[in-house]
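Heads up: the structure comes next, in structure tokens.
The values are calculated or read from the model by the stated rules, or taken from the named source; none is laboratory data. Because the structure is predicted, anything quoted here is derived from the model rather than measured. Cβ sites come from the backbone with ideal geometry, for glycine too, and all protein chains shown count toward neighbours. The protein model used for the area step is the full one, side chains on, heavy atoms only, and it has no ligands, DNA or RNA in it. Shrake-Rupley method; radii C 1.70, N 1.55, O 1.52, S 1.80 Å.
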Amino acid sequence: MNTIQKKIWLLVAIVVFIMAGIWVTLTYYNQKMQDQYNEILQRYLRMNEVSASSQQLVTSLNNYLQAPSSSKLANLETDRHELIVAQEQITNLRNNGNHFTLTNYLNLIDSLVNASDRSVRFLNAKNNEESLNDFADATRLSTYISEMTLTLMDTELKTYDQFYRGMIKQSVELKKLGIWMIALITLLLLLFTYWFSLSITRPIHKLTQAARELSRGRFDMQIEVAANDEISFLAKTFDRMRININNLISEIQHKAQLESELQTNKLLLQESQLRSLQSQINPHFLFNTLDTLAKKAYLEGSEETSDLLASVARLLRYNLKRLDRPVTLYEEVKVLREYIAIQQTRFTERLRFAEDIDDSCLFVKIPGLTLQPMIENAVIHAVEPLEDGGTIRFRIIDGGESVIVEIEDEGMGMTQERIAQILEEREADQQDGHSTGIGFSNVVRRLRLFYNREDVIAIESTEGRGTKVTLKLLKDREAGDYVEAVNR
């Protein structure tokens, strides 16, 4: 670590060294001038070598992508190595005039190497589209490198322009060289002192700004200090503290969200249980009474009335089950048929029910009292209001990893606002006319809770043309998760 104390000693040493070396520099002026020319020439050659190597790398990559072979891959690796070697040589060319530009230049080279590597990896993984995308990036980066090479050369010319003019003038006025050198060194020392002070004050300013933002509650801003001293260590420690506080806040918010969802689920369960309890008025008495009436009707020869009473008893017994226990699709279809039999007795020919059921799908688990309320909703809104009644189509289809349940009617349909209310669970459940007291939004909420996903239900409807409700039930869903969730 370069401590601030070391930096101060370095500044003093540089000042002493420069003042002591002024006259030595004048003695070897001509030789150093020649060395400068050679060095500058080497800088240009190295920059040009990087530009040529980048273009050669893109060419080799193109050849390999068009017809992959071991020889072309070897050529690609050779060009890649040459570009990296040229990059390492360019690193030594950094100075105050080209520091920012050269850093971007080196980053472009790294990006080009990475893009070529990714392109080869995606090609080997048979991902041709991503491979071509990375090749396009590599081509674009190579063009940028060529353009920035010219920019760097222009920067070099501007950097050393004043130096050239000074050397020509000093050759003519060698006697005045000492004075000019002292003035130049003084200026450089001032600039270096300014840069040195900025290397200390700039990180402190960034750290102060970061502390001000943290005091305002902004914990998402990363603290970066480009230094390697005590201030940098302090900034890294400060940034770790920011991350810990931000993680703690996120954890608290996440726990609050989970607590809110848990509370919502508990309220939903309590609401469903309450509605179920409201209908359980001495259920054994009702069952026994209905069974007695069914037997009496049978003995009196009213077999249709007897079947109707038996269906009502079975439907009532099923509706009084606990809502937090999953059932099979077979049980839901069975009680649905009982309900349809009762409604067809009520509406006679006005209610037409068509079913298409794949028996291999009836093993799937589903929340209790799901299908009957949805069919009942179709009867109330699509059959009962119409003079000629209507047709309800019910289908169970094998969809591979899931079972598709479709309920379609020919009623008046729903508006898009009404559909949004149901899917967003914002509707007030309409219980009038429902045998279960369970509305559409309650069914939607229980389905989403059971399968832990939002896309379990879809509604398609056009006003005046009917409504279609589609359920997507996963076959491999573990039913125990639902019971555990609603009981927590």
For Phe135, Phe100, Phe394, give the ranking by accessible area with the largest first, probe 1.4 Å. Phe100, Phe135, Phe394
Leaving out ligands, DNA and RNA, and with a 1.4 Å probe, what % of the accessible surface on the stretch 43-100 is carbon or sulfur? 48 percent
Can you give the accessible area of Thr149, probe radius 1.4 Å, in Å² rounded to 10? 0 Å²
FRET efficiency, 1/(1 + (r/R0)^6) with R0 45 Å, evaluated for Asn114 and Arg165 via beta carbons: 0.60
Given H placed on each backbone N at 1.01 Å, which residues far from Leu474 in sequence or on other chains put an amide H within less than 5 Å of it? Val403
Under-5 Å amide H pairs with Glu355, H placed in peptide plane, nonlocal only: Phe394
Could you tell me the calculated FRET efficiency between Asn128 and Arg350, based on Cβ-Cβ distance and R0 = 60 angstrom, to the nearest 0.05? 0.50
With every protein chain in place, the accessible area of Met241 for a 1.4 Å probe, in Å² rounded to the nearest 10, comes to 80 Å²
Place a +1 charge on the Cβ of each Lys and Arg in the stretch 377-428 and a -1 charge on the Cβ of each Asp and Glu, then give the dipole magnitude about the Cα centre in debye, rounded to the nearest 20. 40 debye
Relative to the present Cα-Cα distance, how much length would full extension add between Ile252 and Leu386 at 0.36 nm per residue of separation? 42.8 nm
For Asp388, what accessible surface area do you get with a 1.4 Å probe? Give it in Å², rounded to 10. 120 Å²
Across the stretch 448-456, in residue order, what do the Karplus-derived ³J(HN,Hα) couplings come to in whole Hz, using 6.51 cos²θ - 1.76 cosθ + 1.60 with θ = phi - 60° and x for Gly and Pro? 5, 5, 5, 9, 6, 7, 8, 8, 6
Calculate the FRET efficiency for Phe196 and Arg240 from the Cβ-Cβ distance with a Förster distance of 35 Å, rounded to the nearest 0.05. 0.80
Ranked from the most accessible area to the least, with a 1.4 Å probe and all protein chains present, what is the order of Ile422, Ile204? Ile204, Ile422
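If Lys and Arg each add +1 and Asp and Glu each add -1, what is the summed charge of the other residues whose beta carbon sits under 15 Å from the beta carbon of Asp137? All intermediate terms of the calculation are to be shown ahead of the outcome.
Values: positive: Arg118, Arg121, Arg140; negative: Asp110, Asp117, Glu129, Glu130, Asp134.
The answer is -2.
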Rounded to whole Hz and in sequence order, give me ³J(HN,Hα) for the stretch 196-201 from the Karplus expression 6.51 cos²θ - 1.76 cosθ + 1.60, θ = phi - 60°, writing x for Gly and Pro. 5, 5, 5, 4, 9, 6
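Measure up Lys266/Lys475; Lys255/Lys468; Lys126/Lys475; Lys126/Lys365 against 31 Å on the Cα-Cα distance and list the ones that go over.
Correct reply: Lys255/Lys468; Lys126/Lys475; Lys126/Lys365.
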